[in-house]
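Below: one structure, written as structure tokens.
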Amino acid sequence: MRFYVPTDIYVEKDCVKNHAQNLLAVGKRAFIMTGHSSAKKNGSLDDVIAVLDADHVPYQVFDQVEENPSTDTVGNAAQQAREFGADYIIGIGGGSAIDAAKAVALLLANPSVDADNLHKAPEKPLGHVPVVAVPTTCGTGSEATPVSIITNHKIHLKKSIPHRIFPALALVDGKYLASAKKTLIINTAVDALAHMVESILNVYSNTFNRMCPEYGLKLWGEFKDALLSNSPVDEGLYEKLMLTSTIAGMSIAHTSTAVPHGMSYDLTLHQGTPHGPAVGYFLAAYVEVCEKKVPEDVKHILALLGLKSTADFSEMLYKLIDKCKVSREMRDKFTAAMKVNRPKLDLVPGGITPEEVDFIYDKSFITE
Ligand code: NAP
Ligand code: FE
């Protein structure tokens, strides 16, 4: 058994300011990557720039990372980072900005790799320049995973690239959630929930790496009523939401995500569904399928969340993210692709049959 998260992680209020020296130690010329506007509005970009300015560190900001970042965007950013002479990348934002920062860190260190070839397995592991991650959503945990999920629109593929890129440093501050709408908090918290559930219901789950999802699911159970209520999320919960997301990232860093994530990518690619709900739609049916194979694990997950049955779990997700509507044609297309997705299917404890794959789609979709 092995436990490996080589990222230096701080989770606390004002942690960019508090750990300025750690940030400054990472490199000498920073290339900062953000989404279009949120990092400017929630104060995270200002916090990072204040640290760099105080030490006269040159930096350049790239604020063009779109949701579900593309090979075109990371190729373009890598070109700019190269021209600027950056020696490290700071990703500030949701999973999209941080994943894009990781891909650019790899491209910067490997000028011969074309962004369009990022999904091709390398002959030997490739290096990357260091990455600093400052998350501003509470879902992907990308600050604590080696994963970078990139979309290549030319070949209609959304998938993690095969390179492992752990950030060198993660500065996690719940205060950046203050500007987030409740829907964004719910959507991303559902992603974190899926990371922990898929990490336990996974052939790579073991007593050592279960420490993370078991603790994180307990935290998730403590804030689930706040997510389900009609009131805004109390600011006192921001740090717990962020911490849970980072712990969920540490969970999948050891096991990888399983079937619900494998099913989500086509939904996002073809229907533009945000990542959290795209995963969450499939989660209850996946848990139901696993209940037949590893009943004790499912019982344990439900107990940690403070739920009694898989029906309660399903009802909770339905209240949070509703159900997904797809056409019959799309449903059949997604199902056919998933039935040959061996890397994800092989992660199911006890295996999964084609009929069970059909069951998950039929239970999760309203087909029109
Ligand atoms: P996201 O795509 O990064 O961001 C979603 C939206 O939220 C954007 O419009 C963004 O605006 C906005 N936003 C971000 N922080 C905000 C804040 N504090 N307040 C208000 N708005 C804010 O969403 P995400 O769910 O975090 O990331 C999804 C991506 O991560 C997907 O591509 C998914 O596949 C990937 N993912 C990666 C991992 C991993 O381990 N690497 C794991 C799971 C998922 P701006 O565009 O203006 O910033
Ligand atoms: Fe995810």
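What number comes out for the charge environment of P274, summing +1 per Lys or Arg and -1 per Asp or Glu over other residues with Cβ under 10 Å away?
-2
So how much accessible area does K124 have, in Å² to the nearest 10, using a 1.4 Å probe?
Taking all protein chains as shown, K124 has close to 140 Å².
Which trypsin sites (Lys or Arg not before Pro) from the stretch 212-256 combine a DSSP loop assignment with at most 10 other Cβ atoms within 10 Å?
Answer in residue order: no site qualifies.
With a 1.4 Å probe and every protein chain left in place, work out the accessible area per residue of the stretch 63-134 in Å², rounded to a whole number.
38 Å²
Report ³J(HN,Hα) in whole Hz for each residue of the stretch 213-227, in order, from the Karplus equation J = 6.51 cos²θ - 1.76 cosθ + 1.60 where θ = phi - 60°; Gly and Pro get x.
In residue order, the calculated couplings are x, 5, 6, x, 5, 5, 4, 4, x, 6, 9, 4, 5, 5, 5 Hz.
Taking the 0 to 90 degree range and rounding to the nearest ten, how far is the long axis of helix 275-293 tilted relative to the main principal axis of the chain, both from C-alpha atoms?
The angle comes out at about 40 degrees.
How much length would be gained if the chain were fully extended between F3 and D234, taking 0.36 nm per residue of separation minus their Cα-Cα distance, in nm to one decimal?
Stretched fully, the F3-D234 segment lengthens by 79.8 nm.
Hey, can you rank 108-118, 273-283 by average C-beta count inside 10 Å, highest first?
Ranking, from highest mean packing down: 273-283, 108-118.
Quick one: net charge of C324's neighbours, Cβ under 13 Å, K/R +1, D/E -1?
Charge balance near C324 sits at 0.
Out of the total accessible area of the stretch 8-175 (probe 1.4 Å, heavy atoms of protein only), what percent is carbon and sulfur?
50 percent
Excluding H19 itself, calculate the net charge of residues whose Cβ lies under 15 Å from the Cβ of H19, where each Lys or Arg counts +1 and each Asp or Glu counts -1.
-4
Going by average Cβ neighbours within 10 Å, how do the peptides 166-178, 16-28 rank, with the highest at the top?
Going from most to least packed, we get 166-178, 16-28.
Give me the three principal axis extents of the chain from the C-alpha atoms, as integers in angstrom, largest value leading.
That gives 58, 44, 42 Å along the principal axes, largest extent first.
If you average the C-alpha positions of the stretch 3-62 and of the stretch 314-368 separately, how far apart do those two centres end up, in angstrom?
That distance is 39 Å.
Accessible surface of E296 in the full protein assembly, 1.4 angstrom probe, to the nearest 10 Å²?
Per-residue accessible area (E296): approximately 130 Å².
Over the alpha carbons of the stretch 8-175, what is the largest minus smallest coordinate on each principal axis, giving the biggest first in Å?
Extents along the principal axes, in whole Å: 42, 31, 26.
The values are calculated or read from the model by the stated rules, or taken from the named source; none is laboratory data. What you are looking at is a predicted structure, and each value in this text was computed from that prediction instead of being measured. Because the Cβ atoms are built from the backbone with ideal geometry, glycine has one as well, and the counts that use them run over all protein chains shown. Accessible surface is based on the protein model in full, side chains and every heavy atom, while ligands, DNA and RNA are left aside. Shrake-Rupley method; radii C 1.70, N 1.55, O 1.52, S 1.80 Å.
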